[in-house]
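Engineer: First the structure, which I've put down as structure tokens, then a few questions once you've had a look.
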Amino acid sequence: MGLNFSTQLDQRMHEYLKGRADILLNDIRPHCRAQNTVAILNKVWNEVEPRPSQAPQLLTNKECRDSEEVIAQGHMLQHVDSRRKWKQRYFVMKASYHLEYFETKEAEQKGLKPEGTMLLSGFVVLTSVTEYTEMLHRTWPHFNVLFRRDSFEVRAFLEAVRVCRMQKGQYGICELYFGSETEILSNMVMEDLCPVLESQLLPHIRGPESKRKQTWLKMIGEMYTVVETHVSEGFQALLRDIEEQNLQLEKKIRPDFNQILTSKKQLVAKLQESLGDRIQWCCEAQVQPHMELARDKLADPMNAGLGETRRLFSEEVNRVISVVKSTEHSSSSLAEVFGQLQALPYQSAQLNHCYEKIETLEQSLSELAPRFSFAGVRLLTQRAQNIIQQLLEDAVYTFQHLLVSTQPATGLSAEVSQRLDNTQVRVLKKFDSDSAAAGRQFVRDSLLEIFLPYVLKTVEPICKPELPVYEGCLCADDDEGLIQIESTYNELVLHIVSDEINKAMKETSTQPCYSLYNESMGGLWNNNAQLDIAEDLGTSPSNASHPASPEELPEPTSGMGSLATLESSKLSEVEDGWQCLQGNWDGANQFLDEGKSTE
């Protein structure tokens, strides 16, 4: 008899899944506390001696988007298990990336309750039933989730996850890192659980292959829901524990920071003296011969994506300029055109060509990734796509604000056209500067993602057994574990690998890399670094930052076009359009809501 899966997991299975989740939470807890200690120490270090960074040229919209704002809507196909067929649904996606779906568009417009809602961080977007069938075949019997998130706030947590997985012999990033903190922890539970379930449950699933696949994914999905619910509760308790720890660490670190740093420097010197040559040899023999090839394999798709993004932005701005230069458009049509420009960064159809250029990373790294056991190509792909979308969003925002801040005094259409031309040139120059810096940083960070785990795994048998010897280098009263030997050892490996990357990049990086400790304690590894500690920890030079408003940017080169003749009625339409652009963007925003529907 084959396995007849029920949507209701029995109590025994619930308890089993909760037990596996508790095991993971107990394993990750000490690592989270340890990496949180490193984060607080680095926070104080950054206050004392901020690291320089290149300020971006484009402006960033600092206004938080309303989580209820609709950023996409349209029709989709949903597989109805009870009827075993696909059915069309109307969906609305909010800025919080929660997707609500209704039976019809009319049901949504009437304000009826949605049939369902889901957070898109755990889903793959497919454009046809054929793609769904192919995805089902590729992922059988593996479990797969995706997300779009990369911020400094979660790096301490990601370091804890990395160290926890390293202790199990699992190095490097992979698709398990997609999602929120709760989702990542749930993924880790399923990573250990799925092989057990495959061996125990798969042989008992009977029926046609397509039916078996759907049954398996349904089973895994419901088990994942149970795990995620329990993990969420445990992680919230862990966060409360870390908040209490932070209060104690702040009181401990700040008064004794000089002594802590001195002890840290002593440990750094001893580790570098005894282990540095072994790690350096591994880099020179195993990594250096492949560094430039990997750099080019990463740079080509990224540069292609950035170039396509620049072309898209330039074409859309040219279209806006052509509409303004035409005397046949009213103020309402001008507002509509500018609204379309605002919607550009969120138009998946128009951005598809840009994203496709990035997706060639998988093919580009097809030979290199297996050699270094790198399983994070999809993560790099999505990270690069996030970069080009953010650059496009910043370019549109900068264009809008520069245009508004340079309104011509007379309002003549020729002057408006000239202002548009000048603003386009300025924004494209800023885009070129920021995209070049973003591309270099992406390549640098990606090289680190590929080679750092490989080096850590390769040198571990010859280096890690010696780490307990250095316990005597720590402060005698360091009862909080403020300086951790293994963390410092990891910094040493990262420093040496980063040096090899900088050689391949043919420049010294001033941009912070993805790693938490590299962002602050990097000066410890520079023999020429000035490590004098400021007497007043409360005062430090401020970090370089990009302009907060258009007024802080340099003025464009003045230049006005001439206008021979213009009918008074048409001149009035152009002036009305400009006033709509400067003083009332509501009309454009209304069009933005309508223009963000997706096919």
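The values are calculated or read from the model by the stated rules, or taken from the named source; none is laboratory data. Because the structure is predicted, anything quoted here is derived from the model rather than measured. So basically every Cβ, Gly included, is an ideal-geometry build from the backbone, and we count neighbours across all protein chains shown. We work out accessible area using only protein heavy atoms, side chains counted, and drop any ligands, DNA or RNA first. Shrake-Rupley method; radii C 1.70, N 1.55, O 1.52, S 1.80 Å.
Engineer: Would you check if LEU380 is touching a Ser or Thr at 6+ places or on another chain (Cβ under 7 Å), more than 25 Å from ASP499 (Cα to Cα) and touching a residue at least 24 places away in the same chain (Cβ under 8 Å)?
Structural biologist: Spelling it out, it is not the case that LEU380 is touching a Ser or Thr at 6+ places or on another chain (Cβ under 7 Å), more than 25 Å from ASP499 (Cα to Cα) and touching a residue at least 24 places away in the same chain (Cβ under 8 Å).
Engineer: Moving on. Need pairs with beta-carbon distance below 8 Å; first residue aliphatic (A, V, I, L, M) and within the range 228-239, second open to solvent by 40 Å² or more (accessible area, probe 1.4 Å) and in a helix (DSSP H, G or I); sequence gap 6+ or separate chains.
Structural biologist: Within 8 Å, the pairs are LEU238/ARG29.
Engineer: Still on this structure, I have one more. Only one of (1) over 29 Å from the mean Cα position of the chain (by Cα); (2) open to solvent by less than 30 Å² (accessible area, probe 1.4 Å); (3) farther than 28 Å from THR130 by Cβ; (4) of a type outside the set (Gly, Ala, Ser) is not met by GLN200, so which one is it?
Structural biologist: The failed condition is (2).
Engineer: Moving on. From ILE205, ILE173, which residue is touching a residue at least 12 places away in the same chain (Cβ under 8 Å), more than 26 Å from ARG383 (Cβ to Cβ) and not hydroxyl-bearing (Ser, Thr, Tyr)? Lay out the reasoning, then the answer.
Structural biologist: Numbers: ILE173 fails: more than 26 Å from ARG383 (Cβ to Cβ).
Result: ILE205 is the single residue among ILE205, ILE173 that is touching a residue at least 12 places away in the same chain (Cβ under 8 Å), more than 26 Å from ARG383 (Cβ to Cβ) and not hydroxyl-bearing (Ser, Thr, Tyr).
Engineer: To continue, here is another question. Yes or no: THR225 in a helix (DSSP H, G or I) and open to solvent by 60 Å² or more (accessible area, probe 1.4 Å)?
Structural biologist: Yes.
Engineer: May I pose another question? Against the definition (in contact (Cβ under 8 Å) with a residue 40 or more places away in the chain, surrounded by 18 or more Cβ atoms within 10 Å (Cβ to Cβ) and either farther than 21 Å from LEU344 by Cα or within 32 Å of the chain's Cα centre (by Cα) (or both)), how does VAL268 come out, yes or no?
Structural biologist: It is true that VAL268 is in contact (Cβ under 8 Å) with a residue 40 or more places away in the chain, surrounded by 18 or more Cβ atoms within 10 Å (Cβ to Cβ) and either farther than 21 Å from LEU344 by Cα or within 32 Å of the chain's Cα centre (by Cα) (or both).
Engineer: Identify, from the list ASN246, ASN258, the residue that is polar (S, T, N, Q), under 30 Å from ASP27 (Cβ atoms) and out of contact with any strand residue (DSSP E or B) (no Cβ under 8 Å at 6 or more places or on another chain). Outline the logic, then answer.
Structural biologist: Numbers: ASN258 fails: under 30 Å from ASP27 (Cβ atoms).
One residue alone meets the criteria, ASN246.
Engineer: If you check PHE91, PHE102, which single one turns out to be at pLDDT 75 or above, in contact with a helix residue (DSSP H, G or I) (Cβ under 7 Å, 6 or more places away or on another chain) and over 30 Å from GLN441 (Cα atoms)?
Structural biologist: Values: PHE91 fails: in contact with a helix residue (DSSP H, G or I) (Cβ under 7 Å, 6 or more places away or on another chain).
Residue meeting the stated conditions: PHE102.
Engineer: When you scan the range 7-32, how many residues do you find that are assigned to a loop (DSSP other than H, G, I, E, B), free of Cβ contacts under 8 Å to residues at least 12 places away in the same chain and open to solvent by less than 70 Å² (accessible area, probe 1.4 Å)?
Structural biologist: Residues that pass the stated criteria total 0.
Engineer: Please pick out the residue among PRO289, PRO255 that is assigned to a loop (DSSP other than H, G, I, E, B) and either exposed (fewer than 13 other Cβ atoms within 10 Å of the Cβ) or of a type in the set (Asp, Glu) (or both). Don't jump to the end; show me each part of the working.
Structural biologist: Details: PRO289 fails: assigned to a loop (DSSP other than H, G, I, E, B).
Within the list PRO289, PRO255, the selection yields PRO255.
Engineer: Based on this model, can you work out whether LEU275 counts as at pLDDT below 90 and either more than 31 Å from the chain's Cα centre (by Cα) or part of a helix (DSSP H, G or I) (or both)?
Structural biologist: no
Engineer: Kindly indicate which of ARG155, ARG138, ARG149 is at pLDDT 55 or above, within 24 Å of the chain's Cα centre (by Cα) and not hydrophobic (A, V, I, L, M, F, W, C). Explain how you work it out, then say what you get.
Structural biologist: Values: ARG138 fails: within 24 Å of the chain's Cα centre (by Cα); ARG149 fails: at pLDDT 55 or above.
Just a single option satisfies the conditions, and that option is ARG155.
Engineer: How many residues are surrounded by 15 or more Cβ atoms within 10 Å (Cβ to Cβ) and not basic (Lys, Arg) if we restrict to the range 347-385?
Structural biologist: Total meeting the criteria: 24.
Engineer: Taking the condition of being more than 16 Å from LEU368 (Cβ to Cβ), surrounded by 14 or more Cβ atoms within 10 Å (Cβ to Cβ) and of a type in the set (D, E, K, R), how many residues in the range 292-315 meet it?
Structural biologist: 2
Engineer: A further question on this structure: Taking the condition open to solvent by 70 Å² or more (accessible area, probe 1.4 Å), part of a helix (DSSP H, G or I) and over 30 Å from PRO465 (Cβ atoms), does GLN214 pass? Outline the logic, then answer.
Structural biologist: Working: open to solvent by 70 Å² or more (accessible area, probe 1.4 Å): no; part of a helix (DSSP H, G or I): yes; over 30 Å from PRO465 (Cβ atoms): yes.
No.
Engineer: Looking for something at positive phi and either open to solvent by 10 Å² or more (accessible area, probe 1.4 Å) or under 23 Å from the mean Cα position of the chain (by Cα) (or both) - is there at least one such residue anywhere in the range 473-493?
Structural biologist: Among the residues of the range 473-493, at least one is at positive phi and either open to solvent by 10 Å² or more (accessible area, probe 1.4 Å) or under 23 Å from the mean Cα position of the chain (by Cα) (or both), which makes the answer yes.
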